[in-house]
Ligand code: PGA
């Protein structure tokens, strides 16, 4: 399974290094065979030797250049980073990234062979408007995206479940994941208020290939417990 933590604008460079060092100790001690990804803040990116894969939460689709506040491939190359999160709901809804820009990033980073964790998800009012409208909304998030890209992981994260403690029911997650699997055979993660108390149930669902965790992964011990749950399910 794929277990990913999105640290967002949390944990400084020093705190991230401590986090990763604890994580690596755990991964070796428990001989973990799950795929573990960590997305630190841009200013906390660094070279990393270990089992966990480090990815960028965002980067501009350019080598470098006049893109104030952004980083480019050059900054990722410096640390050997070849994994990127694209389309996260906070980039779409808080920062205001359009599907056009998101698709440009996807195109650019897929051509470079990056592992892409591509996020999709609907706001609450869309979910309340019924299944057909919701699927239509999610379809639009595949516009300009190569759903057959070989190094793709998709993360379904309902916007209203992110950081709120609310989650869809297990049945809702399972049926939506079944629908989404028809659009792409890429591994499909669930994200949105996954925590130690619900992780086992979520990971056990059909068509859930892993999780993307924000708040509940900020404490490395908790993230490790979630990884261990995944490991136990597979054993
Ligand atoms: P959350 O965030 O676990 O805090 O809901 C998930 C995410 O944004 O990827």
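The values are calculated or read from the model by the stated rules, or taken from the named source; none is laboratory data. Worth saying up front: this structure is predicted, and the values here are computed from it rather than measured. We place every Cβ from the backbone using ideal geometry, glycine too, and count neighbours over all the protein chains shown.
Starting from region 31-56, keep only residues that are at pLDDT below 95, then list their pairs with residues that are part of a strand (DSSP E or B) and surrounded by fewer than 15 Cβ atoms within 10 Å (Cβ to Cβ) whose Cβ atoms are within a distance under 7 Å, requiring at least 6 positions of separation or different chains. So the pair list comes out empty. Screening residue 160 with (1) within 15 Å of residue 35 (Cα to Cα); (2) in contact with a helix residue (DSSP H, G or I) (Cβ under 9 Å, 6 or more places away or on another chain) gives one miss only, at (1).
Where strands (runs of 3 or more DSSP E) fall entirely within region 138-235, those with at least 3 residues that are away from the ligand (no atom under 11 Å from the Cβ) and crowded, with 20+ Cβ neighbours inside 10 Å are at 152-156.
Those residues that are touching a strand residue (DSSP E or B) at 6+ places or on another chain (Cβ under 7 Å) and within 19 Å of residue 124 (Cβ to Cβ), I need them from region 137-161; list them, please. Passing the criteria: 138, 141, 155, 156, 157.
Could you tell me whether residue 3 is touching a residue at least 12 places away in the same chain (Cβ under 8 Å), within 16 Å of the ligand (Cβ to nearest atom) and within 21 Å of residue 224 (Cα to Cα)?
Values: touching a residue at least 12 places away in the same chain (Cβ under 8 Å): yes; within 16 Å of the ligand (Cβ to nearest atom): yes; within 21 Å of residue 224 (Cα to Cα): yes.
Considered against the rule, which asks whether it is touching a residue at least 12 places away in the same chain (Cβ under 8 Å), within 16 Å of the ligand (Cβ to nearest atom) and within 21 Å of residue 224 (Cα to Cα), residue 3 comes out as yes.
Of the residues making up region 111-133, those that are surrounded by 20 or more Cβ atoms within 10 Å (Cβ to Cβ) and more than 27 Å from residue 64 (Cβ to Cβ) number 4. Within region 181-204, residues that are more than 28 Å from residue 150 (Cβ to Cβ) have Cβ atoms under 6 Å from residues that are modelled with pLDDT under 95 and crowded, with 16+ Cβ neighbours inside 10 Å in these pairs: 193/161; 193/167, counting only partners at least 6 apart in sequence or on another chain.
A quick yes/no check of all residues on (1) within 16 Å of the ligand (Cβ to nearest atom); (2) farther than 14 Å from residue 221 by Cα; (3) within 17 Å of the chain's Cα centre (by Cα):
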site: 12; (1), (2), (3): no, yes, no
site: 19; (1), (2), (3): yes, no, no
site: 22; (1), (2), (3): no, no, no
site: 30; (1), (2), (3): no, no, no
site: 34; (1), (2), (3): no, yes, yes
site: 43; (1), (2), (3): no, yes, no
site: 49; (1), (2), (3): no, yes, no
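Only one entry of 140, 147 meets the criterion of being over 27 Å from residue 75 (Cβ atoms) and out of contact with any helix residue (DSSP H, G or I) (no Cβ under 9 Å at 6 or more places or on another chain), and that entry is 147.
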